[in-house]
Amino acid sequence: MSEDTGRLSRERLWTLIAVFFFAAVVLVSMQASVTAGDKTAAKRMATKQAFELYQNKCLGCHDSVADPEKPGRTRDDWYLVVNVMHDYGLALTADEGDAIVQLLYELRKGMERDAG
């Protein structure tokens, strides 16, 4: 009978190990999905803030981001455009400039060339 008791303990031990392992896997996968959701929400918020910045800083002189006369700008081209606007009196921090470039590139994705 003592062998059976020892055997049951080993079976319980392996069952507990399996349950804990399964629980850990479930918790890790739940954390990954929450993190992905947080990243999506953060990206939406960043895009919204960049668009508000674009409205405040750019739309006073420019009607729209769509310029059918000059399609195919790379991300580097957008950096040049934003930097040239400094010569016209546009006051932007580096982070604001990065946000506007990212916004312009994302809005025109599919129409733009990838930077080489």
Completion exercise
Within the range 82-98, restricting to residues that are surrounded by 15 or more Cβ atoms within 10 Å (Cβ to Cβ) and among the hydrophobic types (A, V, I, L, M, F, W, C), the one that is farthest from Gln49 (Cα to Cα) is Met85
Handout entry: Cβ pairs under 7 Å, 6+ apart, first in the range 89-111 and under 15 Å from Arg75 (Cα atoms), second of a type in the set (Val, Ile, Thr) and outside any helix (DSSP H, G or I)
Key = Leu104/Val65; Leu107/Val65; Arg108/Val65
Exercise for the section: For residues that are part of a helix (DSSP H, G or I) and either modelled with pLDDT of 70 or more or exposed (fewer than 10 other Cβ atoms within 10 Å of the Cβ) (or both), tally how many sit in the range 34-76. Expected result: 22
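The values are calculated or read from the model by the stated rules, or taken from the named source; none is laboratory data. Everything numeric in this text was worked out from a predicted model, so none of it was measured. Note that we place each Cβ from the backbone using ideal geometry, even for glycine, and neighbour counts take in every protein chain shown.
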